[in-house]
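Worksheet: one structure, shown below.
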């Protein structure tokens, strides 16, 4: 009898602690009754990592295992493409971007490719052996122009189609876990250990380090539509800048759901909704700036870890959006 009473008491204490901590189960936020996403079959086991569009309909998707797919219907369907690369090299195509007919791909190890005809033909560029880090993020900046950032925090620019590159950063930051570029050319990166983050404004030639907002490891950072920062930390914590222009002013941790999976990306849709994506089909929407959240039913049905959420309105009147998941899973925004 004493053993039963002790067990019951322990159970009651556990329940009280769970409620006191704001909920310990994954079902404490509601499931939305509908979804603005549909699933797209890519017919691949590779991980999609980035998407870039030439115009409203024509675009490319790149990923692991040399994955490159092409769409001519805005992303509703995708067909395999090939690149002129040695068969013995297994590249991870990590970043793609277009401005008009100018297209660029960055991959690992040591890969940069350029197209001047909307992706019909791609040429591989020769990078110097002294390049700090591996290519990580590439941005098309105009005719024959691009900006390349590496896993060491180095940033280079070219205006002659990649024949010559000029360094913008005096000292590379070191290993980075995540690196994003804002619409005005500013950068933010999380260190490889997640113990601090750094910012780089367009007029600066060195990274500015900042302390993380809590003891939790920084998972990723990025830019809100306003240009202010967001931060994702271990423990499924979301933080937003509270003081515009101050990278060290952060909100308290927003923890919509505690299901044991970290968030890997955050993005704002054309309606102002905030989407958080992460492990095991975790896809959440907040329509009120992060105060309340809903689970997305289409995302919840996918047996995949969601890596990225992308929205792009630069190539047409209708914004496009995609959720990229491991093992070839892709969701397309239908609004």
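Read-outs throughout are calculated quantities, based only on the coordinates presented, and are distinct from any laboratory measurement. In this text the structure is predicted, and so the values were computed from the model without any measurement. All Cβ positions, even for glycine, are placed from backbone atoms using ideal geometry, and neighbour counts span all protein chains on display.
With the contact rule set at Cα under 8 Å and sequence spacing of 6 or more, what percent relative contact order holds for region 135-254?
Worked out over region 135-254, it gives 14 percent.
Stokes-Einstein diffusion coefficient for region 277-335 at 25 °C in a medium of 0.890 mPa s, Rh from the Kirkwood formula over Cα pairs: what value in µm²/s?
201 µm²/s
State, to one decimal in nm, how far the label point of residue 184 lies from the label point of residue 226, with both points 7 Å from Cα in the Cβ direction.
Placing both labels 7 Å beyond Cα along the Cβ direction yields 1.4 nm.
So for the chain, averaging the separation of alpha carbon pairs under 8 Å that are six or more residues apart and normalising by length, what relative contact order in percent results?
About 15 percent, as a whole number.
How big is the C-alpha Rg of region 54-195 next to the rule-of-thumb value 2.2 N^0.38 Å, as a ratio?
Its radius of gyration relative to the 2.2 N^0.38 Å reference: 1.03.
How compact and how long is region 118-209, expressed as Rg and Dmax of its alpha-carbon atoms in Å?
Taking only Cα atoms of region 118-209, I get Rg and Dmax of 13.3, 42 Å.
When all C-alpha to C-alpha distances in the chain are sorted into bins of 20 Å, what percent of pairs does each bin hold, rounded to whole numbers?
It works out to 30, 56, 12, 2, 0, in whole percents.
In deg cm²/dmol, rounded to 500, what helix-only [θ] at 222 nm does the chain give when every DSSP H run of at least 4 residues adds -39500 (n - 2.57) and the total is split over its residues? Please list the in-between numbers first.
Working: 2 runs with 23 residues, N = 335.
Using -39500 (n - 2.57) per qualifying helix, the result is -2000 deg cm²/dmol.
Give me the distance between the Cα centres of region 189-237 and region 145-179, rounded to whole Å.
18 Å
Using mean Cβ contacts within 10 Å as the protection proxy, how do 147-153, 240-246 order, highest first?
So the peptides 147-153, 240-246, ranked by packing, come out 147-153, 240-246.
Pairs of Cα atoms under 8 Å, at least six residues apart: use those to get the relative contact order of region 218-335, whole percent.
On the way: 255 pairs, mean separation 18.1, N = 118.
Averaging sequence separation for qualifying contacts and normalising by length gives 15 percent for region 218-335.
Please order 104, 268 by the number of other Cβ within 10 Å, starting at the fewest.
Ranked by crowding around the Cβ, least crowded first: 268, 104.
How far apart, in nanometres, would the label points at residue 76 and residue 319 be if each is projected 7 angstrom from Cα along the Cα-to-Cβ direction?
2.1 nm
Using alpha carbons only, how many degrees (0 to 90, rounded to 10) separate the axis of helix 2-20 from the longest principal axis of the chain?
50 degrees
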